[in-house]
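Asker: Sharing a structure here in structure tokens format.
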Amino acid sequence: METGMDALHDSGIQIVQYLQLNFMSSQDWFMFVSLAADLRNTFFIFFPIWFHMCESVGIKLIWVAVIGDWFNLVFKWILFGQRPYWWIHDTDYYNNMSAPVIQQFPVTCETGPGSPSGHAMGSAAVYYVMVTSLLAIFLKKKKCPLSFKKRCLQALLWTGFWAVQACVCLSRVFLAAHFPHQVITGVISGMVVAEIFDHVQSIYKTSLKRYVCTTLFLFFSALGFYLLLRALGVDLLWTLEKAKTWCARPEWIHIDTTPFAGLLRNLGIFFGLGLALNSQMYKDSCRGKPGGQLTFRLTCIVASLLVLHLFDSFKPPTKVEMLFYALSFCKCAAVPLACVGIVPYCMSQLLNRKEMVL
């Protein structure tokens, strides 16, 4: 089994080396794609836009992103996936031959296991939701035969989807953060998660109690799984030592790439969404009279993006690990609270005052 996996990893290393040798001039593009594919952009950019234009899609984006990333974490802990940048130095496969030379970059040194790719899985899930939602909006009459324009739109959107996935996969392989088979399984897994949630209608009318219970379940199930295997002698954070040993520069290792950092970030977003959707501010603004006005929605999008940009500029201190996790959770919980509750409420109050003056 190990020989077979080593051969698969070696073929992946050959592809990494080929991409780096032939497309080094595109280094900045691949780094940009990798950063753009981070789930952070779903929460800070896609969510506020979609929520205020089509509320149900915004809610689905959060559920798919959070639950999908939780499954990604569990899969990574089960599969024990290697990453190219440390495997090539740590393996005995090249004992009798010279090992290929691959380069590392500032975004290479992820600290979690490599399979499946979180970037590929998250990107596939999020873009699948957005594409299918756009198609549902523009192709409402399913029983009628599609016109030429609608077929062109359908082809354009799916071509764009696969183009994005190809760029994300190539980027992660080029950067030596993942093997090719890991990004492929990531894309497939992300599409499966998104398709499942396409048939779950209960997420749009969920009580605060259910959000709290789901948040606690996701956290304690992941923590319990980690502690159980640790008691059995299996350290699920074995990859941290690999990263520290084989990363080219220590400053390229970031605490926000650790498994629990991602988990608490996502749970903060999820919990914050539950608070926001069940708040009085949301009911008075988005669910009230202003919520049906296009101008109000567009204003909320612009204001939300500006406010979230300010939120994103706040970086929790990393010296104390537990403090970093706690502040990251609180910071992320504030994102949907601001976007869904505070910003729309403030905008509605301003509109009411203008109407009273007039």
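The values are calculated or read from the model by the stated rules, or taken from the named source; none is laboratory data. What you see is a predicted model; the values in this text were computed from it and never measured. Neighbour counts run over all protein chains shown; Cβ positions are idealised from the backbone, glycine included. Ligands, DNA and RNA are stripped out before the accessible areas are found, and what is left, the full protein with its side chains, is counted by its heavy atoms. Shrake-Rupley method; radii C 1.70, N 1.55, O 1.52, S 1.80 Å.
Asker: Quick one: which of 329-335, 89-95 comes out on top by average Cβ neighbours within 10 Å, and what's the full order, highest first?
Answerer: On the way: 329-335: 20.9, 89-95: 12.9.
Packing order, densest peptide first, comes out as 329-335, 89-95.
Asker: Sticking with this structure for a sec: Add -39500 (n - 2.57) for each DSSP H run of 4 or more in the chain, then divide by its residues: what number comes out at 222 nm, to the nearest 500 deg cm²/dmol?
Answerer: On the way: 15 runs with 245 residues, N = 358.
Calculated from helices alone, the mean residue ellipticity at 222 nm is -23000 deg cm²/dmol.
Asker: Which percent of the accessible area of the chain is formed by carbon and sulfur heavy atoms (probe 1.4 angstrom)? Let's see the in-between values first.
Answerer: Numbers: 12100 of 18130 Å².
Solvent-exposed carbon and sulfur of the chain make up 67 percent of the total.
Asker: Let me ask you something else. Per residue, how much accessible surface does the chain expose to a 1.4 Å probe? Answer in Å², no decimals.
Answerer: Values: 18130 Å² over 358 residues.
Result: 51 Å² per residue.
Asker: If you don't mind, another one. Check the stretch 213-358 and count each lysine pair with an alpha-carbon distance under 25 angstrom, considering only pairs eight or more places apart or from different chains.
Answerer: Details: Lys242/Lys319; Lys244/Lys315; Lys244/Lys319; Lys283/Lys331; Lys283/Lys354; Lys289/Lys354; Lys315/Lys331; Lys319/Lys331.
Lysine pairs meeting both conditions in the stretch 213-358 amount to 8.
Asker: Let me ask something else. Taking only the C-alpha atoms, wrap a convex hull around the stretch 214-283 and report its volume per residue in Å³ as a whole number. The partial results should precede the final answer.
Answerer: Working: hull volume 5.4 nm³, N = 70.
Expressed per residue, the convex hull around the Cα atoms of the stretch 214-283 is 77 Å³.
Asker: Of the listed values [x] 60, 52, 38; [y] 82, 55, 35; [z] 79, 60, 42, grab the one calculated as Cα extents along the principal axes in Å from the structure here.
Answerer: [y]
Asker: Dipole magnitude of the chain about its Cα centre, charges +1 at Lys/Arg Cβ and -1 at Asp/Glu Cβ only, in debye to the nearest 20? Working shown, then result.
Answerer: Working: 29 positive and 20 negative charges, 391 e Å.
Computed charge dipole of the chain: roughly 1880 debye.
Asker: Once the Cα atoms of helix 294-313 and of the chain are each reduced to a long axis, what angle between those two axes, in degrees from 0 to 90 to the nearest 10, is obtained?
Answerer: With rounding to tens, the tilt is 40 degrees.
Asker: Also: Taking the full set of protein chains and a 1.4 angstrom probe, give the accessible area of Glu110 in square angstrom, rounded to the nearest 10.
Answerer: 30
Asker: Largest first, please: the extent of the C-alpha atoms of the stretch 167-225 along each principal axis, to the nearest Å.
Answerer: 44, 29, 15
Asker: Also: Whole-Hz Karplus ³J(HN,Hα) for the stretch 177-188, in order, using 6.51 cos²θ - 1.76 cosθ + 1.60 and θ = phi - 60°, x for Gly and Pro?
Answerer: Whole-Hz 3J(HN,Hα) from phi for the stretch 177-188: 8, 9, 7, x, 5, 6, 6, 5, 5, x, 4, 4.
Asker: When the Kirkwood radius is taken over all Cα pairs of the stretch 209-358, what Stokes-Einstein diffusion coefficient follows at 25 °C and 0.890 mPa s, in µm²/s?
Answerer: Details: Rh = 18.0 Å.
Calculated translational D: 137 µm²/s.
Asker: While we're on this one: Within straight cross-link reach of Lys60, meaning Cα distance under 18 Å, which aspartates and glutamates are found once same-chain residues fewer than 8 apart are removed?
Answerer: Asp38, Asp69, Glu195, Asp198
Asker: Stokes-Einstein diffusion coefficient for the stretch 126-250 at 4 °C in a medium of 1.567 mPa s, Rh from the Kirkwood formula over Cα pairs: what value in µm²/s? All intermediate terms of the calculation are to be shown ahead of the outcome.
Answerer: Working: Rh = 18.8 Å.
The diffusion coefficient I find is 69 µm²/s.
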